[in-house]
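Below is one structure, written out as structure tokens; the observations come after it.
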Amino acid sequence: MSPTILLLLALGLGLAGWLAARARAYGFKREAVGGRLAALPSYYAWYVALWVLIPAVIFVVAWSFIAPQMVTNSVLASPAAANLPEFGFLRSTILNEALAVARGDAHGVFNPLAKDLVEPFRDALAQSRMIGLAATIVIGFLGGAWAFLRIKPDFAARTRVERIVMAILLLASLVAILTTLGILVSLTFETIRFFGMISPVDFLFGTHWGPDPMSEAADPSRYGAIPLFWGTIYIGAIIAMIVAIPLGLMSAIYLTQYASPKWRTWLKPALEILAGVPTVVYGYFAALTVAPVIRDAAVAVGISSASSESALAAGLVMGVMIIPFVSSMADDSIAAVPQAMRDGSLAMGATKSETIKRVLVPAALPGIVAGIMLAISRAIGETMIVVMAAGAAANLTANPLEAMTTVTFQIVAMLTGEGSFDHPATLSAFALGFVLFLVTLGLNFIALRVVKRFREAYE
């Protein structure tokens with residue numbers, strides 16, 4: 001039985017526990033002197049429902065990892081698996097073929113050895129489903145029964161429910177924090193391995209990038225990442241921001257201060273549609289429309305060396321893509337400025353434009369900076385537009401009409417290349433990711449400092 005069905009079953013048991021506990025609480029309320037309980041009936045209901053759901057959901061999650069291995073071990077212990085190869089790709093292929101037929105995902109097998117394993121897989125799957133179903137019902141029932149028997153008129157159900165909810169919220173926060181730490185640790189270990197092969201000085205300060213995944217000996221002179229970092233900053237943090245910041249900020253000012261409610265109703269959703277367009281579509285637009293126009297325009301003014309793949313094309317389209325990030329945050333921040341500050345400025349004789357420039361924008365600067373930093377992080381991490389419009393050449397140049405690449409593109413290229421996982425070319429992807437992580441972290445730290453400073457000034 002699939003985990004989804006088991007989760008739905010757990011929800012059904014939780015609903016039954018909720019209804020039963022609520023009915024019991026109303027019974028207590030009718031019998032109590034003055035009709036007063038230690039908590040509202042809904043808290044009694046949620047207390048029982050949570051004690052049904054939480055243990056059942058924990059079991060379902062654990063069972064989704066345990067059950068496949070248990071099924072495989074059961075099949076391998078059967079006489080039909082005696083002729084299987086010991087290890088290797090062929091063994092996995094045979095097992096997967098038999099499992100697909102047993103599940104109904106395939107109509108037949110190609111390997112004769114897999115045919116004899118179909119029935120053992122069916123029996124093991126049926127046993128696994130029965131165990132999962134029975135265990136979910138039993139665990140949910142036991143948890144609900146224990147909680148149901150505890151509820152009394154003087155039972156502080158509200159306090160217990162709030163503690164459980166607080167624990168769930170804390171767990172969610174810890175998951176996010178531990179995920180970040182896990183990413184950092186994984187990057188750190190692989191980066192240390194890479195720096196054991198290539199000097200950090202050569203990597204961080206070298207100006208030539210051209211790893212060869214097929215070479216046996218690593219050449220430190222080919223692992224200079226400066227062109228990649230420059231390309232990332234040049235495309236994502238310079239060209240894109242030159243487009244996104246003015247257009248996004250001016251759009252937000254117009255929508256909040258000048259546009260009529262009717263126009264705002266139409267313009268704001270239309271602007272935010274840009275955030276929902278897939279990046280591959282932007283990539284097609286940059287490669288098929290923007291890049292040829294830029295090249296033809298450059299040739300028309302006498303620049304014959306203009307490339308069909310350019311940093312300018314990728315940066316312009318990337319800037320258009322992240323306009324909603326700047327506009328939405330700036331819009332909300334400007335709209336949140338107290339009306340008294342606007343009225344006070346206008347009452348002192350300032351014009352509307354002066355009020356916007358000297359009062360609204362400075363007061364909304366924390367939100368504007370947050371939107372800009374979010375946009376920069378989004379641009380730095382973009383891959384598809386760079387792949388399709390900027391090219392793969394690691395050039396250290398300030399000419400926006402030349403091909404250029406970024407860190408994210410090279411990470412994908414190194415991890416999907418033909419080299420082994422222990423090769424420096426492959427491990428360089430982790431070093432690039434680690435440096436990019438530190439840069440993004442530094443930008444966020446700076447943004448927080450700026451936000452804190454201006455928030456204190458206008459609170």
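The values are calculated or read from the model by the stated rules, or taken from the named source; none is laboratory data. None of the values given here were measured: they were computed from a predicted structure. Note that each Cβ is placed from the backbone with ideal geometry, even for glycine, and that neighbours are counted across all protein chains shown.
Restricting segment 19-42 to residues that are hydrophobic (A, V, I, L, M, F, W, C) and part of a helix (DSSP H, G or I), the residue that is surrounded by the fewest Cβ atoms within 10 Å (Cβ to Cβ) is V33. Report yes if P220 is touching a strand residue (DSSP E or B) at 6+ places or on another chain (Cβ under 8 Å), farther than 30 Å from S333 by Cα and surrounded by 13 or more Cβ atoms within 10 Å (Cβ to Cβ), otherwise no. No: the conditions fail for P220.
Kindly establish whether I239 is under 29 Å from the mean Cα position of the chain (by Cα) and surrounded by fewer than 19 Cβ atoms within 10 Å (Cβ to Cβ).
Spelling it out, it is not the case that I239 is under 29 Å from the mean Cα position of the chain (by Cα) and surrounded by fewer than 19 Cβ atoms within 10 Å (Cβ to Cβ).
For segment 100-122, filtered to residues that are in contact (Cβ under 8 Å) with a residue 40 or more places away in the chain and assigned to a helix (DSSP H, G or I), the residue that is farthest from G17 (Cα to Cα) is P120.
Exactly one residue out of V277, V281, V290 is without any contact (Cβ under 8 Å) to a residue 12 or more places away in the chain and over 30 Å from E354 (Cβ atoms): that is V281.
Taken as a whole, the structure places R342 among residues that are free of Cβ contacts under 8 Å to residues at least 24 places away in the same chain and buried (at least 16 other Cβ atoms within 10 Å of the Cβ).
Of the residues making up segment 313-334, not a single one is small (G, A, S), under 21 Å from I368 (Cα atoms) and exposed (fewer than 14 other Cβ atoms within 10 Å of the Cβ).
Yes or no, residue by residue, for (1) of a type in the set (A, V, I, L, M, F, W, C); (2) without any contact (Cβ under 8 Å) to a residue 24 or more places away in the chain; (3) in the same structural domain as S42 (by TED's automatic domain parsing):
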| site | (1), (2), (3) |
| --- | --- |
| L133 | yes, no, yes |
| T136 | no, no, yes |
| A145 | yes, yes, yes |
| I151 | yes, no, yes |
| R160 | no, no, no |
| R163 | no, yes, no |
| I177 | yes, yes, no |
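Inspect segment 343-362 for any residue being closer than 21 Å to L436 by Cβ and among the polar types (S, T, N, Q) and give the result as yes or no. No: segment 343-362 contains no residue that is closer than 21 Å to L436 by Cβ and among the polar types (S, T, N, Q). The single residue among A244, A306, A314 that is more than 21 Å from T440 (Cα to Cα) and in the same structural domain as T405 (by TED's automatic domain parsing) turns out to be A306.
Of note, A259 does not satisfy the criterion of being surrounded by 13 or more Cβ atoms within 10 Å (Cβ to Cβ), under 30 Å from L365 (Cα atoms), in contact (Cβ under 8 Å) with a residue 40 or more places away in the chain and among the aliphatic types (A, V, I, L, M). E309 passes every criterion in (1) modelled with pLDDT of 85 or more; (2) crowded, with 21+ Cβ neighbours inside 10 Å; (3) more than 28 Å from the chain's Cα centre (by Cα) apart from (1).
Working carefully through the options A56, A16, A45, find the one that is within 39 Å of the chain's Cα centre (by Cα), farther than 22 Å from L169 by Cα, surrounded by 15 or more Cβ atoms within 10 Å (Cβ to Cβ) and modelled with pLDDT of 90 or more.
On inspection, the qualifying residue turns out to be A16.
Of the helices (runs of 4 or more DSSP H) lying entirely inside segment 203-283, those containing at least 3 residues that are in contact with a Gly (Cβ under 8 Å, 6 or more places away or on another chain) span 240-253.
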